[in-house]
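K.L.:
Would you mind keeping the following structure in view while I ask a few things?
The values are calculated or read from the model by the stated rules, or taken from the named source; none is laboratory data. Values in this document were obtained by computation on a predicted structure and should not be read as measured data. Here the Cβ positions follow ideal geometry from the backbone for every residue, glycine too, while neighbour counts run over all protein chains shown. The area values use the complete protein model at the heavy-atom level, side chains included, leaving out ligands, DNA and RNA. Shrake-Rupley method; radii C 1.70, N 1.55, O 1.52, S 1.80 Å.
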Amino acid sequence: MFAIFRKRSFWIAFASTLVCSLLGKYLSGFPGLNLIGALVIALLIGMLCQISQPLIYSSTEGIGFISNKFLRFGIILLGFRLNLVTLAHSGIKTILLAFVAVSFTIAVVYFFCRLLKVDKELSFLASFGCAICGAAAVMGISPQVKADKDNSVLAVAVVCIMGTVFTLVEVALLKVLPFDGVQFGIMNGASLHEIAHAVAAGEAGGAVALDNAIIMKLSRVLLLAPAALIVGAIYQKRHQKTTDEKQKLPIPWFMLGFLLTSAFGSFGPLSQGVIDQLVALAYIFLGMAMAALGMSVNFKVIIARGRNVFIASFLGSVCLLLLAATSAYLFF
């Protein structure tokens, strides 16, 4: 693996994806673009970089390495953002709602996808992305099913657009729903796809709403690791049936790292300032992985296959919003 660091192709890919990631981080600070998020902006910039074909074709190996290894390292570092103590103090209701919301959304989005003839792999990715934490969930699940890159990019696009649309919907509902700050924040965190979406909607409801939106959202993020393990087991079982070969369970070891960094960040000696820097570094690595993914996307496939998965994800997101709003109103 380390031999790749001596290759010029790797450093071309490293430099180009790093620029995309940093540019995505910078642009995400502008009003409106913060709803899209730094990761998706980096993905879009990577897609635009395809106009520089000599650069991309000369560094294909490096781009593949970054989209795979840097993704895993970024997710491991992202674990520092998940404070287990804060989640424990939020109460059993929050954890239960997270579990119900994630399970419900996976089932509903997958059902609508299959109903509309979306292939199984893309259905998996879209349903987990909508259910857990958007682009990061898609990229965390992708290695478990050995997902096609075009499917991964399409699923990321789906959760980004759905999350942005429903963020605007929920902010508009702020003046209509009879919710206090706690209830509004719980609804945001339980229904919106990306952490950035939950933060943006929660901020519109005030400080109390924002705090509850973040806690609720992070409760869903916590389920990423077990979800990846379950998906890997399902994939292994189905693949074994089709090949009649005994396969090893694809254990997502990087998800174990995610849980370990969560525990260390929660109970270790690190200051909040250090944790914030580690999380910022995580987003840099994740942004580089997203940019690398964008540099290898097939636009024709996305255009040809995008309509039905968008419709299915929209219907599933509507159902999730109704579940989240009802639960927030009745139980919080």
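K.L.:
Name the residues in the stretch 168-215 that are of a type in the set (Val, Ile, Thr) and within 19 Å of LEU97 (Cα to Cα), would you?
P.N.:
Across the stretch 168-215, the qualifying residues are VAL182, ILE186, ILE195, VAL199, VAL208, ILE214, ILE215.
K.L.:
Still on this model: Pairs only if they're at least six apart or on different chains, beta carbon under 9 angstrom, first in the stretch 272-288 and touching a residue at least 60 places away in the same chain (Cβ under 8 Å), second not in a helix (DSSP H, G or I); list them, first residue then second.
P.N.:
ILE275/ASN83; LEU278/LEU270
K.L.:
Here is a further query. Anything in the stretch 205-215 that is crowded, with 20+ Cβ neighbours inside 10 Å and of a type in the set (Gly, Ala, Ser)? List them, or say none.
P.N.:
Across the stretch 205-215, the qualifying residues are GLY205, ALA209, ALA213.
K.L.:
Separate question: Taking the condition touching a helix residue (DSSP H, G or I) at 6+ places or on another chain (Cβ under 6 Å), surrounded by 15 or more Cβ atoms within 10 Å (Cβ to Cβ) and under 25 Å from LYS117 (Cα atoms), does VAL279 pass?
P.N.:
The answer is no for VAL279.
K.L.:
While we're on this one: Read through the list (1) open to solvent by less than 60 Å² (accessible area, probe 1.4 Å); (2) at pLDDT below 85; (3) in a loop (DSSP other than H, G, I, E, B), then give the number of the only condition that PRO31 fails.
P.N.:
So PRO31 meets the others, but not (1).
K.L.:
Quick one: which of LEU168, LEU192, LEU154, LEU125 is touching a residue at least 24 places away in the same chain (Cβ under 8 Å) and open to solvent by 10 Å² or more (accessible area, probe 1.4 Å)?
P.N.:
LEU168
K.L.:
Consider LYS93 against the criteria (1) out of contact with any Leu (no Cβ under 6 Å at 6 or more places or on another chain); (2) at pLDDT below 90: it satisfies all of them except one. Which criterion is unmet?
P.N.:
Evaluating LYS93 over (1) out of contact with any Leu (no Cβ under 6 Å at 6 or more places or on another chain); (2) at pLDDT below 90 leaves (2) as the failure.
K.L.:
Tell me, please, whether a residue that is of a type outside the set (Asp, Glu) and farther than 30 Å from ASN68 by Cβ can be found in the stretch 272-291.
P.N.:
yes
K.L.:
Right, another one. For the stretch 119-151: of the residues being under 12 Å from VAL309 (Cβ atoms) and small (Gly, Ala, Ser), which is nearest to the chain's Cα centre (by Cα)?
P.N.:
GLY129
K.L.:
Right, here's the next one. If you check VAL145, VAL158, VAL199, which single one turns out to be modelled with pLDDT of 85 or more and among the β-branched types (Val, Ile, Thr)?
P.N.:
Only one candidate qualifies: VAL158.
K.L.:
Taking only the stretch 282-305 into account, find how many residues are open to solvent by 10 Å² or more (accessible area, probe 1.4 Å) and in contact with a Gly (Cβ under 6 Å, 6 or more places away or on another chain).
P.N.:
Residues flagged as open to solvent by 10 Å² or more (accessible area, probe 1.4 Å) and in contact with a Gly (Cβ under 6 Å, 6 or more places away or on another chain) within the stretch 282-305 amount to 1.
K.L.:
Quick test for you: out of ALA233, ALA228, pick the one residue that is small (Gly, Ala, Ser), modelled with pLDDT under 90, part of a helix (DSSP H, G or I) and open to solvent by 20 Å² or more (accessible area, probe 1.4 Å).
P.N.:
ALA233
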